[in-house]
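Colleague: My questions will all concern the structure given below.
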Amino acid sequence: MRWNNLTGIVTPVEHQPERQFSPAVSNLFLDALSGQTGPRPPFWFMRQAGRYLPEYREIRAQADGFLDLCYTPERAARVTLQPIDRFRPDAAILFSDILVIPDAMGQEVGFSEGFGPVLTPVTSQADLERLDPARTLDHLAPVFETVRLVRAELPDDVALLGFAGAPWTVATYMIEGGSSRDFNQVKGWVISEPSAAAAMLGMLVEATTEYLVAQVEAGAQALQLFDTWASAVPASSFETLVISPTRQIVDGVKARTPDVPIIGFARGIGPRLADYVRETGIDAVGLDSAITFDQARELQDICPVQGNLDPAYLLAGGPPMEAAANQVLDQLADGPFVFNLAHGIHKDTPFAHVEALAEQIRDRGAGA
Ligand code: 1CP
């Protein structure tokens, strides 16, 4: 296996900017991301579209696999809008996945029912050289069409959030060939093949920047970068694997679409979150459930925060959920804040619990 002498740098693909949406009425979510506090905190839920919704399962069953669903704009748009119709959150998140980027670059990506993502792992320099980030925009054209369809359907006071995986998190799937518990393959690879790792992160930065800019040009009004597995990165590699690739994407996106707010969600990095915010240039930060309210309020002095009800409360429902959600609201809603979960909705969550939570947050605007 030889990994040396790779550059992995791609030339940005030219494309025509399109109309950028500007909301006619105030949007609580975008206001919060710009540092304002409104009549009530805005909310949306990570994985608000997905398997816990019967109407999602119905469309999913009609699709020829999960990626087919992501790449069929009419269906992906319907799925994006399903939770909006049910719960009326303040933001819709584009229905897609973080693994469309390796798929676009030419890696074999599949999703097996009940098992999760399965990728043919990148194990050699030849595998790496076969990846081509320059294909990203063409391959993901259906996703941009989904963004246009959704924006045309969304009420003006609901914002459209685009997203992508951060390079490190996407790289874990590309090297491990799927989900991992210990990340030994990818961590070993980074240690023994640093130039190959740098080349792959470089490809991911380029592809992800193009992908996010194109989402904004198609109508996304804010973006979220998911660094779900930032928790696995040793402190000594944090700058190289988490901070630097994220900062490059933030800089690249802002150079071309300066006004779009970017939320960074780096899970499990606890005390390093403040550095993450300052050094990457993200506009707002997503909090996982290990973040204490004291930490969250300190972060709120630097930027708006989003979070952090543990999804287990939503799964449980009832008075414990209500009490836990009230605590989050009491502790954080005085500053710039977007109510959300600490991670995605669990697939066994009864949607009645989600309805109840949405109503509870909305009631905060009725004088609570
Ligand atoms: O068969 C199915 O229906 C698959 C389930 C599913 C869904 C609904 C997958 C496979 N992806 C998605 C959609 C998705 N994924 C969205 C849009 C929907 C929404 O939020 O409403 C988003 C934002 C993601 C992001 C995503 N995908 C992340 C980051 C967020 C997180 O959950 O930490 C990650 C890590 C993935 C990879 C992935 N894709 C699918 C699964 C089951 C996974 C996770 C696998 C793992 O735990 O390692």
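Derivation of every value follows stated rules applied to the coordinates shown; laboratory data play no part. Bear in mind the structure is a predicted one, so any value in this text is a computation, not a measurement. In this analysis, Cβ positions are derived from the backbone assuming ideal geometry, glycine residues included, and neighbour counts consider all displayed protein chains.
Colleague: For the stretch 138-191, which positions are β-branched (Val, Ile, Thr) and buried (at least 18 other Cβ atoms within 10 Å of the Cβ)?
Modeller: Within the stretch 138-191, VAL143, THR146, VAL147, VAL150, VAL158, THR169, VAL170, THR172, ILE175, VAL186, VAL190 meet the criteria.
Colleague: If you don't mind, there's one more thing I want to ask. So which residues in the stretch 40-51 are more than 9 Å from the ligand (Cβ to nearest atom) and either surrounded by fewer than 22 Cβ atoms within 10 Å (Cβ to Cβ) or within 17 Å of the chain's Cα centre (by Cα) (or both)?
Modeller: Within the stretch 40-51, ARG40, PHE43 qualify.
Colleague: Could I ask something else about it? Within the stretch 69-77, is there a residue that is assigned to a helix (DSSP H, G or I), touching a Leu at 6+ places or on another chain (Cβ under 7 Å) and either within 10 Å of the ligand (Cβ to nearest atom) or farther than 22 Å from LEU154 by Cα (or both)?
Modeller: Looking for residues that are assigned to a helix (DSSP H, G or I), touching a Leu at 6+ places or on another chain (Cβ under 7 Å) and either within 10 Å of the ligand (Cβ to nearest atom) or farther than 22 Å from LEU154 by Cα (or both), one finds at least one in the stretch 69-77, hence yes.
Colleague: Ok, one more. Among the residues of the stretch 311-330, is there at least one that is farther than 25 Å from ALA159 by Cβ, in a loop (DSSP other than H, G, I, E, B), under 24 Å from the mean Cα position of the chain (by Cα) and away from the ligand (no atom under 14 Å from the Cβ)?
Modeller: Checked the stretch 311-330: no residue is farther than 25 Å from ALA159 by Cβ, in a loop (DSSP other than H, G, I, E, B), under 24 Å from the mean Cα position of the chain (by Cα) and away from the ligand (no atom under 14 Å from the Cβ).
Colleague: If THR80 meets every condition in (1) within 11 Å of the ligand (Cβ to nearest atom); (2) out of contact with any strand residue (DSSP E or B) (no Cβ under 7 Å at 6 or more places or on another chain); (3) of a type in the set (Ser, Thr, Tyr); (4) closer than 25 Å to ALA214 by Cα apart from one, which number is that one?
Modeller: (2) is the only condition that THR80 fails.
Colleague: If we scan the stretch 220-237, do we find a residue that is part of a helix (DSSP H, G or I), more than 16 Å from the ligand (Cβ to nearest atom), in contact with a strand residue (DSSP E or B) (Cβ under 9 Å, 6 or more places away or on another chain) and closer than 22 Å to VAL100 by Cα?
Modeller: No - not one qualifying residue is present in the stretch 220-237.
Colleague: Filter the stretch 176-202 down to the residues that are within 11 Å of the ligand (Cβ to nearest atom) and in contact (Cβ under 8 Å) with a residue 60 or more places away in the chain and list them by number.
Modeller: Answer for the stretch 176-202, where residues must be within 11 Å of the ligand (Cβ to nearest atom) and in contact (Cβ under 8 Å) with a residue 60 or more places away in the chain: GLY178, SER179.
Colleague: If the requirement is being under 26 Å from ASP156 (Cα atoms) and in contact with a helix residue (DSSP H, G or I) (Cβ under 8 Å, 6 or more places away or on another chain), which of these qualifies: GLY270, GLY264, GLY252?
Modeller: Matching residue, one of GLY270, GLY264, GLY252: GLY264.
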